[in-house]
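S.K.: I have a structure I would like to understand better, so I am pasting it below and will then ask my questions one at a time.
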Amino acid sequence: MSKISIKQAEKEDIHVLESILYDSILTQNKSSWNAMADSWFGVTALPAYGCLCPIEDDLHLFPTLMNKKILDIGCGSGHSLRWCGDQGAGELWGLDISDRQVANAREYLYENGYAPNLFCSPMEQNPGLPVHYFDVVYSIYAIGWTVDLQTTFNLIASYLKKDGIFIFSWDHPFMHCIEAKDEQLIFSGSYYEAVPFSFVKGDNPVTLFNRRLSDYINALAAAGFVVERMVEETNKETMEQEIEFSSNYYAPSKAKRFPLSLIVKARKLY
């Protein structure tokens, strides 16, 4: 076997191993989110973007939604979609990896007078969504669950019309590097650590990938987006309060030193 064919075989083996790993993570996370769905009903939804960060009423990242076609990536219980509907959106679409989340969202939206188009699917796959169709795609604290960021951003770009808007929020990349200990914040992790890590959330095992800010920005650029705005802020209320030190992951004492959430607004170029 030639050196070229050996290298090709090695690349193929790595791709197979990655696919097996990714499928395993998706299966685990789907099962865990089905178990947790009810306890996360209505949590972290528009106009909120995340923990202790400014809300949409302050940021004005969304364009007017009147009669617009909207897609929610990781729609959860449907509360963000309802907010979009209340802003006059013409069509509400969403996908989520959890069957239970989708069921909760469908029931909640129907009860509030909306008839959404919802799909149960990983965000790394297109379950039948139309392409070049949506005016706005967004993801509120869900995009970080993807096992393949580039594929996910490529798909989101395919769903959007030219000049369509994509907005997402997630943990700020510094979050996985900083530890609260002895009333001090210590930079204890590696910002460059990109391997998957597992932990227990609500008594259920889940797995995520640490990513750098550049990973998000470069993946957006490769998918044909231009970043129009990036928000790294703690809300005014938290910054103005006297707050005691806490070791909680989303502690206000952390938020007074660095942003806990990252929000990005991008536009599809073509």
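Just so it is clear, none of the values below were taken in a lab; they were calculated from the coordinates. Remember, it's a predicted structure, so these values are computed and weren't measured experimentally. Backbone-built Cβ (ideal geometry, glycine too); neighbour counts: all protein chains shown.
S.K.: Please give every one of the aspartates and glutamates within straight-line cross-link reach of residue 69, meaning a C-alpha to C-alpha distance under 18 Å, and leave out same-chain neighbours fewer than 8 residues apart.
M.R.: Those aspartates and glutamates meeting the cut-off are 86, 91, 96, 135, 163.
S.K.: May I have the pair-distance distribution P(r) for the stretch 191-239, computed from all Cα-Cα distances with 10 Å bins from 0 and rounded to whole percent?
M.R.: Bin by bin from 0 Å, the calculated values are 19, 29, 36, 16.
S.K.: Rounded to two decimals, what is the ratio between the C-alpha radius of gyration of the stretch 184-270 and 2.2 N^0.38 Å?
M.R.: 1.35
S.K.: With a 10 Å radius around each residue's Cβ, average the other Cβ atoms per peptide and rank 180-192, 59-71, 254-266, highest first.
M.R.: 254-266, 59-71, 180-192
S.K.: What 222 nm value per residue comes from the helices of the chain, counting each DSSP H run with n ≥ 4 as -39,500 (n - 2.57) and dividing by all residues, nearest 500 deg cm²/dmol?
M.R.: -10000 deg cm²/dmol
S.K.: Given 68/256; 161/236; 201/256; 201/265; 236/265; 181/236, which pairs have Cα atoms separated by over 30 Å?
M.R.: Violating the 30 Å limit, Cα to Cα: 68/256; 161/236.
S.K.: In units of 2.2 N^0.38 Å, what is the alpha-carbon radius of gyration of the chain?
M.R.: 1.04
S.K.: Follow-up. For the pair residue 226/residue 115, report the inter-label distance in nm, with labels modelled 7 Å from Cα in the Cβ direction.
M.R.: Each label point is offset 7 Å from its Cα along the Cβ direction, giving 3.9 nm.
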